[in-house]
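Only one structure is covered here, and it is reproduced in the block below.
The values are calculated or read from the model by the stated rules, or taken from the named source; none is laboratory data. Here the structure is a predicted model, which is why all the values come from computation and not from measurement. Neighbour counts are summed over all protein chains in view; Cβ atoms, including those assigned to glycine, are modelled from backbone coordinates with ideal geometry. These accessible areas exclude ligands, DNA and RNA; they are computed on the full protein's heavy atoms, side chains included. Shrake-Rupley method; radii C 1.70, N 1.55, O 1.52, S 1.80 Å.
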Amino acid sequence: MDDPTLVARWQFGFTILYHYLFPQLTMGLALLILILKSIYLRKRDERWNRSARFWGKIFAVNFVMGVVTGIPMEFQFGTNWAKFSVFAGGIIAQTLAMEGAFAFFLESAFLGLFLFGERRFGQRLHWFSALMVWLGTWASGYFIIATNAWMQHPVGYRSTPGGGVALADYWAVLLNPWIPAQYMHAMGGALLTGACVMSAVGAFYLLSHKHEAYGRIFVKVGVIAGLVASVFQLYPSGDWSGVQVSAKQPIKLAAMEGLFQTERGAGIAILGQPDMKAQRLDNPLVVPNALSFLTYRAWSAEIKGLDAFPRDQWPSSVPMLYYSYHIMVGLGTIMIAVMGLSGLLLWRRRLYQARWLLWGLMLMAPFPYIANSAGWMTAELGRQPWLVYGLLRTVDGASPTVSSGSIWFTLLGFAGMYAVMGMLFVLLVLREIAHGPEIGPAGPESALGVSA
Amino acid sequence: MATLWFVLVLFMLVMYVLLDGFDLGAGAIHVFVAKTDAERRMVLKAIGPVWDGNEVWLIAAGGTLFFSFPVLYASSFSGFYLPLMIVLWLLMIRGIAIELRSHLKHPMWATFWDAAFFVSSALLAVFLGAAAGNVIRGVPLDASGYFFEPLWTTFDPASPTPGILDWYTVLVGLLALAILVTHGANYLALKTEGALNARARRLALGGWGATLALTVPVTLSTFWLRPEMWGNFARAPWGAIFPLAAILGLIGMGVCLRRRREQGALVSSGAYMAGMMASSAFALYPRVLPAVDPAHDLTIHNAATSPYGMAVGLVWWSIGMVLAAIYFVFIYRLFRGKVSSEDGPY
């Protein structure tokens with residue numbers, strides 16, 4: 001409790017988990033809004049435009065929350081992780097600063113235009129601003145993943161006499177081989193969040209017999225996008241991420257899977273509780289040989305267990321990592337099943353009447369949030385005890401002059417503020433959903449009235 | 001190369017202060033210039049489409065500072081831990097206040113967010129000024145390049161263990177508040193009509209007087225505390241253009257305000273702020289963060305990243321800034337002119 005590194009980790013973990021609740025929705029919704037707006041321009045059916053505007057309002061509230069909770073992330077590198085910033089700032093700050101220069105300016109400029117400009121500047125520019133906002137949010141995701149990828153898999157650097165690292169190859173950092181799989185998986189997760197939230201709101205409208213015309217639009221778009229995204233999360237993006245981890249971070253893989261002993265033909269544990277004392281899984285329910293096959297495409301391949309690595313290289317919390325990973329995979333499987341079934345019924349034109357499944361879609365709204373948070377925790381807990389994998393340990397990265405008391409103070413400050421902000425946010429979004437898309441003047445002459 | 005990045009980081013900070021400065025200032029005065037709910041919504045409408053983009057300059061400047069001078073970033077951010085966290089919270093409250101005020105039509109809700117917007121904007125102005133004051137006065141850096149400053153100690157800027165707040169930094173903070181209020185009032189005068197416009201212009205005039213009155217003691221005490229800041233001006237007299245720009249800005253603002261030249265007044269308050277910031281940076285150079293003990297000064301030489309990193313950064317940074325300039329010109333042109341009460345949200 002008095003260890004500044006530990007409290008700083010809690011603070012970073014807490015603030016980033018909270019922060020990521022918002023951009024994952026905005027990155028997904030940005031694409032879905034662009035789709036709604038594009039369909040409107042094609043069909044000229046006002047309902048699609050109102051749908052785009054309605055989700056634009058939800059987007060705007062989320063975007064603001066994402067921006068204000070994102071600013072602390074950049075600050076914390078310097079405030080809490082000063083030694084890490086000195087060590088690696090010349091490299092990771094390149095990608096962080098590029099996010100500002102290429103993504104934030106784009107997003108903020110065109111979001112203002114999207115929210116305030118429909119009436120004054122017409123439909124084409126409105127569509128264009130939706131496109132730019134989408135590009136901005138996804139570019140933002142790219143630069144963050146590139147930053148994180150360098151911490152997971154450092155490339156393009158050289159060691160300096162002072163004990164730090166310096167940038168040696170810019171393109172190697174920007175085109176880090178770690179990026180594609182992770183980026184695809186993160187964006188797929190974001191789209192899944194957007195799709196699940198959209199179909200959940202649609203299902204709510206259909207179940208409660210309010211705004212039913214919009215409910216059908218939301219369910220249709222949400223289920224189609226959700227089906228694509230959830231399958232994409234399993235294959236290829238999830239599969240690729242798994243193979244990548246097994247190749248570059250075998251300790252992380254062993255801890256994720258709860259594999260304590262090295263095995264040929266290792267199985268995948270569906271259930272089981274890691275027992276750190278006995279170094280085994282309690283109550284295991286295992287699919288035999290599956291892990292070996294998924295990793296090496298060979299049923300009897302050898303997978304290294306935790307026992308193959310020195311104890312001080314193990315992730316600091318094996319059980320937390322194990323559960324994060326299993327929660328992500330478990331919820332992902334449920335989402336594929338529900339979205340698959342909904343897609344089938346949609347195709348057969350029976351989904352809008354299948355109330356039991358609409359209930360399922362509605363109640364599934366929190367799942368992608370939990371799964372994405374768990375996925376992030378899997379990636380990051382698995383990187384421990386390293387701050388920069390193989391180069392800098394977490395204990396050597398914290399600020400030398402900041403006491404644990406100061407970090408506690410700010411951690412509590414963030415917690416209190418985020419609690420209030422979270423309540424207000426939920427209140428506003430629920431109100432927006434209760435109002436529905438029909439509030440506000442009709443027609444292209446009406447701006448996206450935040451106060452309408 | 002390090003000198004160039006010193007200038008570029010300064011440029012981004014100046015852009016932040018010029019742009020976010022007017023919406024900060026607008027926040028610090030809106031409860032005085034806008035009396036009714038409709039008027040307050042006009043204030044929000046004047047800054048609504050642009051405030052978020054303006055604040056991006058701070059984030060981008062932070063990122064640029066981080067990669068070009070990582071040692072400075074690490075040292076100053078961990079040293080200014082507490083005030084930076086407070087700045088963060090204020091930025092967050094302010095952003096939320098601007099965006100959430102219009103979501104519920106209830107007078108209590110609006111009053112609450114008006115108060116939050118006012119308090120956070122005004123305190124931010126003071127804190128940003130106090131931060132500048134700390135950088136000018138110097139901080140207790142040790143040989144390893146780190147320090148930690150408490151919020152206050154003895155309020156004596158000459159003490160070997162200064163705090164964030166002492167009489168000098170508070171004075172700079174008040175000057176920052178005065179000029180940002182003036183800048184914000186100039187912007188609101190430019191963007192509004194009627195009673196709101198008249199009150200904004202009156203407030204700008206008052207703010208101008210306060211700025212004038214505070215500039216003198218701040219300048220005098222700066223040179224009294226850090227006489228070595230004369231050095232660069234003595235060595236390179238061309239640097240006098242920066243303080244000259246500030247003085248011209250101050251004079252021009254007075255003239256424009258009297259002649260009701262709203263655009264000229266806004267440009268003048270901008271010139272004053274840019275001139276003051278550039279003068280300070282010019283006087284500090286090559287130091288980026290002076291220490292109480294000059295042997296431990298952080299300079300562009302011991303705080304900068306590798307030459308290769310600075311070189312590639314220059315390429316993408318230039319592209320990014322051209323793009324950002326295009327967006328900003330585009331957006332400000334689209335939303336130019338006075339805001340009216342009929343159309344649009346807020």
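Here are some notes:
- Members of segment B:85-129 that are outside any helix (DSSP H, G or I) and not aliphatic (A, V, I, L, M): B:LYS105, B:HIS106
- Among residues of segment A:1-28 that are charged (D, E, K, R), those with a Cβ under 6 angstrom from a residue that is open to solvent by less than 40 Å² (accessible area, probe 1.4 Å), sequence gap 6+ or separate chain, pair up as A:ASP2/A:SER404.
- In segment B:77-86 there is no residue matching the filter, namely being within 23 Å of B:LEU314 (Cβ to Cβ) and facing chain A (nearest Cβ under 10 Å).
- Some residue of segment A:332-343 being on the phi > 0 side of the Ramachandran plot and in contact (Cβ under 8 Å) with a residue 12 or more places away in the chain: no
- Search result, residues across segment A:394-414 that are within 25 Å of the chain's Cα centre (by Cα) and open to solvent by 40 Å² or more (accessible area, probe 1.4 Å): A:LEU412
- For segment B:39-74, a residue qualifies if it is assigned to a helix (DSSP H, G or I), more than 7 Å from chain A (Cβ to nearest Cβ) and over 16 Å from the mean Cα position of the chain (by Cα), and the qualifying residues are B:GLU39, B:ARG40, B:ARG41, B:MET42, B:VAL43, B:LEU44, B:LYS45, B:ALA46, B:ILE47, B:SER68, B:LEU72.
- Scope segment B:99-112; condition more than 8 Å from chain A (Cβ to nearest Cβ) and in contact (Cβ under 8 Å) with a residue 12 or more places away in the chain; matching residues: B:ARG101, B:PRO107, B:ALA110
- Listed by first and then second residue, the pairs linking a residue in segment B:121-135 that is farther than 20 Å from B:PHE32 by Cβ to a residue that is among the acidic types (Asp, Glu), with Cβ atoms under 6 Å apart and 6 or more places separating them unless they lie on different chains, form an empty list.
- Among the numbered conditions (1) more than 7 Å from chain B (Cβ to nearest Cβ); (2) at pLDDT below 90; (3) over 24 Å from the mean Cα position of the chain (by Cα), the only one that A:PHE128 does not meet is (2).
- Qualifying residue in segment A:376-386 (condition: in contact with a Ser or Thr (Cβ under 6 Å, 6 or more places away or on another chain) and open to solvent by 40 Å² or more (accessible area, probe 1.4 Å)): yes
- Residue count for segment B:152-168, restricted to those that are surrounded by fewer than 22 Cβ atoms within 10 Å (Cβ to Cβ) and over 20 Å from the mean Cα position of the chain (by Cα): 10.
- Within the set B:TYR332, B:TYR308, B:TYR327, the sole residue that is in contact (Cβ under 8 Å) with a residue 60 or more places away in the chain and at the interface with chain A (Cβ under 8 Å from one of its Cβ atoms) turns out to be B:TYR327.
- Of the residues screened, A:SER140 is one that is more than 9 Å from every other protein chain (Cβ to nearest Cβ), polar (S, T, N, Q) and open to solvent by 10 Å² or more (accessible area, probe 1.4 Å).
- The residue list B:LEU190, B:LEU180, B:LEU171 contains one member that is closer than 21 Å to B:GLY133 by Cβ and surrounded by fewer than 24 Cβ atoms within 10 Å (Cβ to Cβ), which is B:LEU171.
- Residues being open to solvent by 10 Å² or more (accessible area, probe 1.4 Å) and small (Gly, Ala, Ser) - total across segment A:110-130: 1
- Residue match in segment B:17-34 (condition: part of a loop (DSSP other than H, G, I, E, B) and buried (at least 22 other Cβ atoms within 10 Å of the Cβ)): yes
- Residue match in segment B:202-212 (condition: farther than 26 Å from B:GLY27 by Cβ, touching a residue at least 24 places away in the same chain (Cβ under 8 Å) and open to solvent by 50 Å² or more (accessible area, probe 1.4 Å)): no
- Hits in segment A:264-287 (condition: touching a Ser or Thr at 6+ places or on another chain (Cβ under 9 Å) and buried (at least 19 other Cβ atoms within 10 Å of the Cβ)): A:ALA266, A:GLY267
- Scanning segment B:144-161 for residues that are small (Gly, Ala, Ser) and either touching a Leu at 6+ places or on another chain (Cβ under 9 Å) or at pLDDT 80 or above (or both) yields B:SER144, B:GLY145, B:ALA158.
- Within segment B:136-152, being closer than 12 Å to B:VAL292 by Cβ and assigned to a loop (DSSP other than H, G, I, E, B) holds for B:GLY138, B:PRO140, B:LEU141, B:ASP142, B:PHE147, B:GLU149.
- From the list A:SER38, A:SER85, the one residue that fits, being away from chain B (no Cβ under 13 Å), over 22 Å from B:GLY53 (Cα atoms) and of a type in the set (Gly, Ala, Ser), is A:SER38.
- Test: residue in segment A:104-113 that is more than 9 Å from chain B (Cβ to nearest Cβ) and assigned to a helix (DSSP H, G or I): no
- Residues satisfying the stated conditions in segment A:72-91, i.e. free of Cβ contacts under 8 Å to residues at least 24 places away in the same chain, open to solvent by 10 Å² or more (accessible area, probe 1.4 Å) and within 10 Å of B:ALA74 (Cβ to Cβ): A:PHE77
- Elements of type helices (runs of 4 or more DSSP H) in segment A:223-328, at least 1 residues being among the basic types (Lys, Arg): A:239-248, A:250-257
- Residue within segment A:157-168 that is in a helix (DSSP H, G or I), among the hydrophobic types (A, V, I, L, M, F, W, C) and open to solvent by less than 50 Å² (accessible area, probe 1.4 Å) present: no
- Pair list, Cβ < 8 Å and 6+ apart or interchain, from segment A:420-437 residues that are closer than 16 Å to A:PHE63 by Cα and more than 9 Å from chain B (Cβ to nearest Cβ) to residues that are open to solvent by 30 Å² or more (accessible area, probe 1.4 Å) and not acidic (Asp, Glu): A:GLY422/A:TYR18
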